[in-house]
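A.B. asks: The structure under discussion is supplied below as structure tokens; questions concerning it will follow.
The values are calculated or read from the model by the stated rules, or taken from the named source; none is laboratory data. Being a predicted model, the structure only gives us computed values, none of them experimental. All Cβ positions, even for glycine, are placed from backbone atoms using ideal geometry, and neighbour counts span all protein chains on display. Calculation scope for accessible area: heavy atoms of the full protein, side chains included, ligands and nucleic acids excluded. Shrake-Rupley method; radii C 1.70, N 1.55, O 1.52, S 1.80 Å.
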Amino acid sequence: MSSLRASSSALRASPVIRAICAALFSTATLPSDDPPFPAFPQASPSTAPRRRAAVLARAGVPSAPPVLPYRVGHGWDLHRLEEGNNPDTGKPYELWIGGVKLEHTRGCVAHSDGDVLLHTVTDALLGALCLPDIGQQFPDTDPRWKGQSSDVFVAAALDLCKERGYRVANIDCTVVAERPKLSPHKETIRNNLCALLECHPSCVNLKAKTHEKVDAVGEQRAISAEAVVLLMRDDGSSEGAGGGGGGGGGGTGGRRAEV
């Protein structure tokens, strides 16, 4: 034990050990203006943009957003299906898909008209522009959108595309529903999408799938849709454009058909 105490005393007396301890546990050997650990001040809301800009500048990222020749957006939506009457209107729930009303025993539960396909297309357009989604642009807490026809949302998103110099190059959509069968209505729905998006039919695709009786969609308790859209810079040419409608004002007929 005495030998251990002697060894410990010798270590404490060692100049090397004392220097290491001083460097690790004391600031006495450090310059007064150089703290022992680097300081990372918390960014306040007012300084955060400047700090972010500085980081981007050091990384060689331009401060101005790039003008891209193309933009890609993805949209997805799902709505619950119910039988019977809507308690808000006292009328049966309605099923709208792509601006076309389909006769069915169930309808969508939603704040607006519940058009799952047009909501998906709207989200795809907004996503391509890196803008907030449809729920933020048209919240279900706003009474203005209560029962609103969803072609209004598509028209608003298309206007945002035009304001930024883009038009729809092409779009690919998929609706997933166990019932009703969409095959008899696909062309009507696709033509309506062409009018809303001011696109030639060769630039708009619509697919219909079932969910093989699996999960809520397969059990006819819900309906879903997906869409991928490609935007391109609008150089003023008419190639790929529908040639009609104009202005994206929603008057192109989101409610043109009931089947």
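A.B. asks: Quick check on my link table: of Lys186/Lys213; Lys162/Lys209; Lys146/Lys209, which ones sit more than 25 Å apart, alpha carbon to alpha carbon?
C.D. replies: Lys162/Lys209; Lys146/Lys209
A.B. asks: Can you give me the % of accessible surface on the stretch 73-225 that is carbon or sulfur? Probe 1.4 Å, all protein chains present, nothing else counted.
C.D. replies: So the carbon and sulfur contribution to the accessible surface is 48 percent.
A.B. asks: Between Ala48 and Asp172, what's the calculated FRET efficiency when r is the beta-carbon distance and R0 is 41 Å? Round to 0.05.
C.D. replies: E between Ala48 and Asp172, to the nearest 0.05, is 0.60.
A.B. asks: How many nm separate the modelled label positions at Arg58 and Lys207, each set 7 Å beyond the Cα in the direction of the Cβ?
C.D. replies: Distance between the two pseudo-spin positions: 4.6 nm.
A.B. asks: Hey, another quick one. Between Cys130 and Lys181, what length in nm is gained on full extension when 0.36 nm per residue of separation is reduced by their alpha carbon distance?
C.D. replies: Working it through step by step, the gained length comes to 15.0 nm.
A.B. asks: Debye sum, Cα scatterers, the stretch 147-201, no solvent: what log₁₀ I/I(0) at q = 0.18, 0.28 1/Å?
C.D. replies: The computed values of log10 I(q)/I(0) come out as -0.73, -1.21.
A.B. asks: Using the Cα gyration tensor of the stretch 128-235, with a ≥ b ≥ c the square roots of its eigenvalues, what is the shape: rounded (a/c below 1.5), prolate (a/b larger than b/c) or oblate (neither)?
C.D. replies: Working: a/c = 2.07, a/b = 1.32, b/c = 1.57.
Here the stretch 128-235 falls in the oblate category.
A.B. asks: For the stretch 90-98, just list the computed ³J(HN,Hα) in residue order, Karplus coefficients 6.51, -1.76 and 1.60, θ = phi - 60°, integers in Hz, with x standing in for Gly and Pro.
C.D. replies: Ordered by residue, 3J(HN,Hα) equals x, 10, x, 4, 10, 10, 10, 9, x Hz.
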